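Computed from the coordinates by the stated procedures, all read-outs in this text should not be read as laboratory data. Keep in mind the model is a prediction, meaning the values are calculated, not measured. Glycine gets a Cβ as well: all are built from the backbone with ideal geometry, and neighbour counts include every protein chain shown.
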Amino acid sequence: MTSVIKETQSIKEAVTFINTIDVNKFSRLISRIIQKLHLKGERTFSEEEEQKLQTALSLDKQALNLVLETAAFILEQAVYHNVKPTSLQQQLEAIHLNPDKAEVFSQTWATSGPELVEGLKHNIFAPKKLGYVGWQLNLQMAQSSQARLKSPNAVLQLGLQSEDSEVQENVFVEFNHQELLEFYNKLEIVQGQLDSLT
């Protein structure tokens, strides 16, 4: 399996900070993050708690934010890609996370991951949801510059609704054959990933 966690510059910096944190404190930190990750629009820690964490973990505000965001990102990637705990641990060690910290991620993911996935299944990440799909097929036979032309295209009508509104917003998307095929293939990938989560 290819790694779902790429070693970007910010992840390298976060790994450096994470490796300095006491493993017991880090374990409690990750447990709290995974418990709160599925809660939409809610912070994992209050301002006051973050100040206490800065002192307890010997990190400044920017470093702490980087550690919290990176830990949440790693767990979100584990959810999205349905990563097995052992694979997660190996991938984290590959980006130079200390083995004891990688094991904390892996154990926390093994014990709390299924509950997180279940919680996230019920969340709507996008502010709008699809309420209606309509389609229309058009075939252009000629135009002023070209007498003989056979150009098919499809128009999809997507009816979007906000969670708090019954008003439907219509979005029209036009595809030629190749674009429609690419869109279909991407939907197949999404369907495969959704199926792997259920």
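Any chance you could count the Lys pairs in the range 101-198 whose alpha carbons are under 23 Å apart, treating pairs 8 or more apart or on different chains as valid? Each step should come with its number before you reach the end.
Details: 121/129; 121/186; 128/186; 129/186.
The result is 4.
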task = In debye, nearest 20, what is the charge dipole magnitude of the chain about its Cα centre with +1 on Lys and Arg Cβ and -1 on Asp and Glu Cβ, if you could check?
result = 340 debye
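Mean residue ellipticity at 222 nm from the helices of the chain, using -39,500 (n - 2.57) per DSSP H segment of n ≥ 4 over the full residue count, to the nearest 500 deg cm²/dmol? Walk me through the intermediate numbers first.
Values: 7 runs with 111 residues, N = 198.
Theoretical 222 nm ellipticity from helices: -18500 deg cm²/dmol.
Based on the mean of other Cβ atoms within 10 Å per residue, sort peptides 56-63, 139-146, 172-179, 77-84 so the most packed one is first.
Values: 56-63: 14.6, 139-146: 8.9, 172-179: 11.9, 77-84: 18.1.
The most tightly packed comes first, giving 77-84, 56-63, 172-179, 139-146.
May I ask for the Rg/Rh ratio of the range 99-198, computed from Cα atoms with Rh as the Kirkwood radius, given to two decimals? Could the numbers behind the result be given before it?
Numbers: Rg = 21.4 Å, Rh = 17.8 Å.
Rounded to two decimals, Rg/Rh equals 1.21.
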request  = Take the alpha carbon gyration tensor of the range 1-61, find the square roots of its eigenvalues, order them as a ≥ b ≥ c, and report rounded if a/c is under 1.5; if not, report prolate when a/b exceeds b/c, else oblate.
outcome  = oblate
inquiry  = If you fit an axis through the alpha-carbon atoms of helix 23-36 and take the longest principal axis of the Cα set of the chain, what angle between them do you get, 0 to 90°, nearest 10?
reply    = 30 degrees
query = Given 5 Å bins starting at zero, what is the percent of C-alpha pairs of the chain in each, up to the one with the largest pair distance?
reply = 1, 6, 12, 14, 13, 12, 9, 8, 8, 6, 4, 3, 2, 1, 0, 0
query = Which one of 106, 27, 162 has the biggest mean-square fluctuation once the chain is modelled by GNM with Cα springs under 10 Å?
reply = 162
remark   = GNM of the chain, Cα pairs under 10 angstrom: of 137, 75, 29, the biggest fluctuation goes to 137
task = For an R0 of 35 angstrom, estimate the FRET efficiency from the Cβ-Cβ distance between residue 12 and residue 156 and round to the nearest 0.05.
result = 0.25
request  = In a Gaussian network model over the chain where Cα atoms closer than 10 Å are linked, find which of 180, 149, 120 has the largest mean-square fluctuation.
outcome  = 149
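Where the convex hull is taken over the Cα atoms of the range 1-106, what is its projected area averaged over directions, in nm²?
Numbers: hull surface 25.1 nm².
Projected area, direction-averaged: 6.3 nm².
Remind me, relative contact order of the range 29-112 in percent, using alpha carbon pairs under 8 angstrom and six or more residues apart?
In percent, rounded to a whole number, it is 30.
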inquiry  = Helix 99-121 against the longest principal axis of the chain: what's the angle in degrees, Cα atoms only, rounded to the nearest 10?
reply    = 40 degrees
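Within the range 107-198, report the trypsin sites (Lys or Arg not before Pro) that DSSP leaves as loop and that have at most 13 other Cβ atoms within 10 Å. Intermediate results must be reported in sequence, preceding the final value.
Numbers: sites: 121, 128, 129, 148, 150, 186; in loops: 148, 150.
Answer by residue number: 148, 150.
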ask   = Spin-label point model (7 Å from Cα, Cβ direction): what's the residue 100 to residue 185 distance in nm?
value = 4.8 nm
request  = Please name whichever of 74, 114, 87 sits farthest to the positive end of the charge dipole of the chain, dipole taken about the Cα centre and charges placed at Cβ: Lys and Arg +1, Asp and Glu -1.
outcome  = 87
